[in-house]
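First up is the structure itself, then whatever we jot down about it.
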Amino acid sequence: CQGLAPCLPEEGQVNTSGPRLLLATLHPASSSSTAMDRIFSALLLSVLLLLQSYGVYGAPPQPRGTLCRTKPTDLVFIIDSSRSVRPQEFEKVKVFMSQVIEGLDVGPNSTRVGVINYASAVKNEFSLKTYQTKAGLLQAVQRIEPLSTGTMTGLAIQFAISRAFSDSEGARVRSPNFNKVAIVVTDGRPQDGVQDVSARARAAGIEIFAIGVGRVDMHTLRQIASEPLDDHVDYVESYSVIEKLTHKFQEAFCVVSDLCATGDHDCEQICISTPGAYKCACKEGFTLNDDGKTCSACSGGSGSALDLVFLIDGSKSVRPENFELVKKFINQIVDSLEVSDKQAQVGLVQYSSSVRQEFPLGQFKNKKDIKAAVKKMAYMEKGTMTGQALKYLIDSSFSVINGARPGVPKVGIVFTDGRSQDYITDAAKKAKDLGFRMFAVGVGNAVEDELREIASEPVAEHYFYTADFRTISKIGKKLQMKICIEEDPCECKSIVKFQTKVEDLINSLQR
């Protein structure tokens, strides 16, 4: 620091000294306190506190741990309660709505919420003007009862256009300062048309999210939703996991967020918040990779020797279109490896009611051949015998006869979308006792307790869950770095030290 310039950190560093260092630099040295000294100190302290309050760049810092401030929104839930939605499933929908509401700034000048309940007919449960407090909304949601008749989704969307989003029901004039949002939740095929009425709703400035459950018609969801469809169409296998979508909708209504505090980031180790954004950093001894998210301490990197076996759930609940996404997930991880006889070997096992080895370790010597074999893998369908698959992994996949190399680290990645139909505890424990590093990836109806049982320690770093198959690529990115086998830095230092000592002795002898 020179003169009156504050001590700012270099880019990528965190300034932990800040105002204290500046105070130490600027405080006038004196043997005794004078009136001028006290005035100077008080003035300086006031300036520093002001700087600290508004941050180095003049913007008030976001308090850590604070959730999003939501943009003023007119939000209407359009909820299917037809006879295919059982009472206990409808309760799950109510929990989902309540959790979304919990994340909103509710009030007459901020976010207003209405609910349309529909089956063969449409019922306006409450309008945008009915409740002005979050507590009132939550109580009203709990009182909603299912109608249990047909599925007139188009009629419900028309009701939203003509009445729910009208001035008389509390909707505000269309403006850049306000969002108009409808969230449609349905589990079936509508008995009327939705394409034209949904187009009219979007033309009227209503942003539509479509959530499908179970045997819903995906084509219908795409006709309902706003563009881009990837952001506005969501699917869950059952109502039991619809709550998993809560965070997405809290984020959708977010204006300014401490993304690090809310967990909405991809940083592997350290997340540093900036207003409305974030950047990643690494712990001491690690370096940030080119992706700006992950960290690496492996001097051998992805080229380290490794025997990796995928154990993939091919049960009927996965569905063909999702099974194709699973194949892409596998090949995404294969892309991060250096495949050869001396580096990474990959094996693949698919299981359902039985277990089938797609290809053993070492059969393919390069990534291109592995990825081609993965793409050709046929979908088995049937049940979910995860315990039987884990036993196969132990007894066969990591055996020398199937290509495993003695002394090479063994990694298993188990992928499942549902509860196992057999016992997994003994096989999961044995795999870890044998020194296999086990990762567990669950989607949709996967049971998180089972995933934790399969995963190696520390469990939080070895198991992953997502409600939606379309987001498994994010898990793939995290796994790409976690399967890296780190060299022992102590062992490396010992070798270097020994080599240096030998060279010194040789030089002495030569002299």
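The values are calculated or read from the model by the stated rules, or taken from the named source; none is laboratory data. Worth saying up front: this structure is predicted, and the values here are computed from it rather than measured. Positions of Cβ are backbone-derived with ideal geometry, glycine not excepted, and every protein chain shown enters the neighbour counts. These accessible areas exclude ligands, DNA and RNA; they are computed on the full protein's heavy atoms, side chains included. Shrake-Rupley method; radii C 1.70, N 1.55, O 1.52, S 1.80 Å.
The table below gives the values:
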| read-out | value |
| --- | --- |
| Filter result for the condition that a residue is of a type in the set (Gly, Ala, Ser), over 26 Å from the mean Cα position of the chain (by Cα) and either modelled with pLDDT under 95 or not assigned by the TED database to the domain that holds SER317 (or both), over SER198, SER238 | SER198 |
| One residue from ASP234, ASP192 being in contact (Cβ under 8 Å) with a residue 24 or more places away in the chain and under 14 Å from GLY154 (Cα atoms) | ASP192 |
| Top-ranked residue in segment 225-250 [being of a type in the set (A, V, I, L, M, F, W, C) and more than 17 Å from ALA446 (Cβ to Cβ); ranked as most open to solvent (accessible area, probe 1.4 Å)] | LEU229 |
| Test: residue in segment 382-398 that is over 16 Å from VAL411 (Cα atoms), in contact with a helix residue (DSSP H, G or I) (Cβ under 7 Å, 6 or more places away or on another chain) and either open to solvent by 50 Å² or more (accessible area, probe 1.4 Å) or of a type in the set (Gly, Ala, Ser) (or both) | yes |
| Those residues of segment 421-445 which are farther than 15 Å from LEU361 by Cβ and assigned to a loop (DSSP other than H, G, I, E, B), in sequence order | GLN421, ASP422, TYR423, ILE424, LEU434, GLY435, GLY444, ASN445 |
| Residues (part of a loop (DSSP other than H, G, I, E, B) and touching a residue at least 40 places away in the same chain (Cβ under 8 Å)) located in segment 400-420 | GLY403, ALA404, ARG405, VAL408, PRO409, ASP417, GLY418 |
| Tally, over segment 87-127, of residues that are more than 25 Å from ALA467 (Cα to Cα) and of a type in the set (Lys, Arg) | 2 |
| The lone exception for THR186 - which of (1) more than 19 Å from ASP74 (Cβ to Cβ); (2) open to solvent by 20 Å² or more (accessible area, probe 1.4 Å) it fails | (2) |
| Residues of segment 158-189 that turn out to be part of a loop (DSSP other than H, G, I, E, B) and hydroxyl-bearing (Ser, Thr, Tyr), as a count | 2 |
| Among (1) closer than 21 Å to GLY407 by Cα; (2) open to solvent by 60 Å² or more (accessible area, probe 1.4 Å); (3) touching a residue at least 40 places away in the same chain (Cβ under 8 Å), the one test that GLY362 misses | (2) |
| Top-ranked residue in segment 91-113 [being without any contact (Cβ under 8 Å) to a residue 60 or more places away in the chain and closer than 24 Å to GLN191 by Cα; ranked as least open to solvent (accessible area, probe 1.4 Å)] | LYS94 |
| Those residues of segment 113-171 which are closer than 12 Å to ASP80 by Cα and basic (Lys, Arg), in sequence order | LYS123 |
| Residue in segment 336-353 that is open to solvent by 10 Å² or more (accessible area, probe 1.4 Å), farther than 18 Å from VAL411 by Cα, touching a residue at least 24 places away in the same chain (Cβ under 8 Å) and among the basic types (Lys, Arg) present | no |
| Filter pass, LYS134 being without any contact (Cβ under 8 Å) to a residue 40 or more places away in the chain, in contact with a Leu (Cβ under 9 Å, 6 or more places away or on another chain) and of a type in the set (D, E, K, R) | yes |
| Selection status of GLU457, under 25 Å from SER317 (Cβ atoms), open to solvent by 30 Å² or more (accessible area, probe 1.4 Å) and at pLDDT 90 or above | no |
